[in-house]
Amino acid sequence: MAKKTHYHTRFEPGGFYHIYNRAIDRKPLFKRDENFRFFLSRMQKYLSPVLEIHAYCLLTNHFHLLVKIRTQFPPKLRSGEADVHLIVTQHLQRFFQSYAMAFNRQENRIGSLFQQPFKRAHITSDVYMTWLVFYIHSNAQKHAMVDDFKKWKWSSYRGFVEQKGPKRRREIIACFGSREAFFQFHNQQLQTLNFLSPTRLDWLQGKQSPL
């Protein structure tokens with residue numbers, strides 16, 4: 001269960017956040033590969049103007065994103081002293097609505113698809129960041145979708161392995177100290193999978209380890 005603060009955390013320019021949510025009643029959010037691809041394409045379309053995606057994992061009934069709020073928005077998004085939190089929240093809501101409408105048409109269903117409101121946690125330390133990135137990437141193994149999270153294709157882990165994608169991933173690698181340390185951490189902490197959760201990761205604010 002998410003902490004109450006995860007429903008009310010405000011988005012601030014330059015801040016890192018863990019955004020996560022699931023389908024209502026833990027029902028499927030993705031049923032086909034095309035659904036995963038469509039979610040990623042909608043994510044790029046609706047969210048790239050206001051934030052950067054640094055890590056992600058999509059599971060059959062939920063998702064996890066690690067994002068950084070942009071410090072500058074396109075002029076058309078800013079109107080005087082427009083509230084950054086409001087702008088980001090509106091883009092996230094439009095993204096969720098766009099995906100839900102397409103999925104509902106596919107499944108011939110009506111009504112809400114996502115739990116409301118979506119959850120988010122502010123990331124305030126490198127220690128928190130390293131454990132969160134590991135948690136996101138290993139989530140498919142945690143939920144028994146695969147026997148090895150490295151095989152799950154709907155996460156950003158492969159992008160780090162193949163060194164493909166945005167240069168901003170260097171900022172994540174820097175939290176681990178090096179690429180070697182990044183992969184070593186992912187391999188060494190698998191025994192913690194059953195222990196970790198979004199709320200337990202909150203213990204890392206100002207701490208050295210969740211264990």
Which of the residues spanning segment 10-33 are within 22 Å of ARG70 (Cβ to Cβ) and over 15 Å from the mean Cα position of the chain (by Cα)? ARG10, GLU12, PRO13, GLY14
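Suppose the filter is part of a loop (DSSP other than H, G, I, E, B), surrounded by fewer than 14 Cβ atoms within 10 Å (Cβ to Cβ), in contact (Cβ under 8 Å) with a residue 24 or more places away in the chain and not aromatic (Phe, Trp, Tyr); does THR71 pass it?
On the way: part of a loop (DSSP other than H, G, I, E, B): yes; surrounded by fewer than 14 Cβ atoms within 10 Å (Cβ to Cβ): yes; in contact (Cβ under 8 Å) with a residue 24 or more places away in the chain: yes; not aromatic (Phe, Trp, Tyr): yes.
Here the answer is yes, as THR71 does meet what is asked.
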Any residue that is over 22 Å from SER112 (Cβ atoms) and touching a strand residue (DSSP E or B) at 6+ places or on another chain (Cβ under 8 Å) - is there at least one of those in segment 73-86? yes
Among the residues of segment 118-141, is any free of Cβ contacts under 8 Å to residues at least 12 places away in the same chain and either within 22 Å of ARG22 (Cα to Cα) or assigned to a loop (DSSP other than H, G, I, E, B) (or both)? no
Which condition number in (1) modelled with pLDDT of 95 or more; (2) in a loop (DSSP other than H, G, I, E, B) is the one that PHE38 fails? (2)
Please specify each residue of segment 121-172 satisfying the condition of being hydrophobic (A, V, I, L, M, F, W, C) and either closer than 22 Å to GLU12 by Cβ or touching a Gly at 6+ places or on another chain (Cβ under 9 Å) (or both). ALA121, ILE123, VAL127, MET129, TRP131, LEU132, VAL133, ILE136, ILE172
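Are any residues in segment 104-133 aromatic (Phe, Trp, Tyr) and either modelled with pLDDT of 95 or more or more than 15 Å from CYS175 (Cα to Cα) (or both), and if so, which ones?
Let us first name the residues in segment 104-133 that are aromatic (Phe, Trp, Tyr), namely 114, 118, 128, 131.
PHE114, PHE118, listed by residue number.
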Show the residue pairs that are 6+ apart or on different chains and have beta-carbon atoms under 9 Å apart, the first residue being within segment 175-188 and closer than 10 Å to THR130 by Cα, the second being part of a helix (DSSP H, G or I) and basic (Lys, Arg). HIS186/LYS150
For the structure I just gave you, tell me whether ARG179 is more than 22 Å from PHE11 (Cα to Cα), exposed (fewer than 15 other Cβ atoms within 10 Å of the Cβ) and modelled with pLDDT of 95 or more. no
When (1) among the basic types (Lys, Arg); (2) more than 25 Å from PHE30 (Cα to Cα); (3) in a helix (DSSP H, G or I) are applied to LYS167, the one that fails is (3)
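The values are calculated or read from the model by the stated rules, or taken from the named source; none is laboratory data. Predicted model only: the values in this text are computed from it and were never measured. Note: ideal-geometry Cβ built from the backbone for every residue, glycine included; neighbour counts use all protein chains shown.
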